[in-house]
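These notes concern the structure reproduced below.
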Amino acid sequence: MQRDDENPISFGPTMRLGVLGGGQLGRMMIQSAIDFDIRVEVMDPSIDAPCSHLTHRFVQGDLNDAEAVFAFGQGLDVVTIEIEHVSVEGLRLLEASGVRVIPKPDHIDMIQDKGTQKAFFEKHGIPSSPFKLVENVSEAGQHGFPVVQKLRRGGYDGKGVQFLQDAMEASAKGFDAPCVLEHPVDIDKELSVIIARNTAGQTASFPVVEAVFDPQANLVDYLVAPAAISDEIAAKAQTLALRVVEAMDFEGLMAVELFLDRSGELSVNELAPRTHNSGHHTIEANQTSQFEQHLRAVLNLPLGSTQPIHPFGAMLNLVGGRDAQGTPVYSGLSEATRTPGVHPHLYGKSRVKPFRKMGHVTVTGNSLEEVQDLVMRLREQLTVNGKS
Ligand code: ADP
């Protein structure tokens, strides 16, 4: 296989791409990599991770162990991530040994800590709710009450984030660890912009997505794109996302999570330097999916068009039922797939647990009402339970 001289990166099986994390995001990345005939190799702590049977080489290993990450990535052309909780030290060693690591280890390092993210926003004048950094629960009142308390490290999917109403609640359930205390935003809508930037500095962002949360599961329940916001606010959200990646000199694909408050102001909540739940609909709804775009960015290929190919797209997470345990049993899917524009994506997880993300369904349509009505119907029809 000959390489394209103008670009050190090439299509074809001589390109070895390592991915840290073998969950559903890695799995959907592999689907795109197949089209580029790239050899994808994956490391994940779980032997039956969603990618484990779908990759050219699967390594079971601790993503936070520098030596394990280095051993996995040595000799590969490019290493990327599908989860940001990985050993930055291991990635730095790989970079020093000549492996192209995208996103850059320094960027992953900054994003792993919600405290350094907030400091970055402050330094670059990127609007984000006022905050204070504290070391332990005895300081949980330092930003007043009510307050949003966030673990600086290790949180995901809303775990590690809680509201504290008063000092009594803080002493009863406050996290006793280094935290960010944030002023609560009076949220009207939760938005996200997925933006890619390659080494050449080319950027491309997808239309703004609106996420609707299920407070019980503390997970995105469904999302719609484009968000039901004015063109002016959409343009502002895109500009904010662009400012973030430019200020960082970021390379790769980034999800910028934003809040629109009830006075119409936008602020950045947090960053995810990878493909994101809020971009799954792009597989069916846009000219280039977020997974292909991620590959293009990490391989320094020209970025693809993010134009929608359907006026509206929506995505419903399929999560385990509240008592679900054991081997997953999916109900209602065959009926759902009768409807044009409905596409299921199951993640291949061998065990279901309450509220665990097991898959998603994408819906495309011609109007916001049409896709929302369909999502609401699917929400009633589709269940994931377990059998032992
Ligand atoms: P995670 O990294 O676990 O996804 P987030 O920082 O996104 O955590 O917070 C999870 C959810 O908590 C958000 O989607 C939002 O609903 C709520 N939240 C987070 N920060 C604030 C805030 N400052 N004000 C109000 N709600 C917030």
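The values are calculated or read from the model by the stated rules, or taken from the named source; none is laboratory data. Model, not experiment: these values are computed from the prediction. Glycine also receives a Cβ, built like all others from the backbone with ideal geometry; neighbour counts cover every protein chain displayed.
Odds and ends about this structure:
- For the range 134-154, the tally of residues that are within 14 Å of the ligand (Cβ to nearest atom) and farther than 23 Å from GLU190 by Cβ stands at 1.
- GLY125 being more than 28 Å from ARG197 (Cα to Cα) and more than 16 Å from the ligand (Cβ to nearest atom): no
- The strands (runs of 3 or more DSSP E) found entirely in the range 307-388 that carry 2 or more residues being buried (at least 22 other Cβ atoms within 10 Å of the Cβ) and either in contact (Cβ under 8 Å) with a residue 12 or more places away in the chain or of a type in the set (A, V, I, L, M) (or both) are 312-319, 357-365.
- Residues within the range 270-292 that are touching a Leu at 6+ places or on another chain (Cβ under 6 Å) and outside any loop (DSSP other than H, G, I, E, B), tallied: 1
- For ASP157, the criteria (1) over 19 Å from the mean Cα position of the chain (by Cα); (2) within 14 Å of the ligand (Cβ to nearest atom); (3) surrounded by fewer than 17 Cβ atoms within 10 Å (Cβ to Cβ) hold in every case but one, which is (1).
- Residues of the range 240-254 that are under 20 Å from THR275 (Cβ atoms) and part of a helix (DSSP H, G or I): LEU240, ALA241, LEU242, VAL244, VAL245, MET248.
- Test: residue in the range 193-204 that is of a type in the set (Lys, Arg), closer than 23 Å to ILE309 by Cα and surrounded by 21 or more Cβ atoms within 10 Å (Cβ to Cβ): yes
- Qualifying residue in the range 160-168 (condition: more than 10 Å from the ligand (Cβ to nearest atom), surrounded by 14 or more Cβ atoms within 10 Å (Cβ to Cβ), modelled with pLDDT of 95 or more and more than 24 Å from the chain's Cα centre (by Cα)): yes
- GLY174 being near the ligand (Cβ under 10 Å from one of its atoms) and either crowded, with 19+ Cβ neighbours inside 10 Å or at pLDDT below 95 (or both): no
- Taking the listed residues VAL79, VAL99, VAL69, the one that is among the hydrophobic types (A, V, I, L, M, F, W, C) and within 18 Å of the chain's Cα centre (by Cα) is VAL79, with no other qualifying.
- Boolean, ILE229 is of a type in the set (A, V, I, L, M), away from the ligand (no atom under 16 Å from the Cβ) and under 30 Å from ILE309 (Cα atoms): yes
- Scanning the range 18-31 for residues that are on the phi < 0 side of the Ramachandran plot, modelled with pLDDT of 95 or more and surrounded by fewer than 17 Cβ atoms within 10 Å (Cβ to Cβ) turns up at least one hit.
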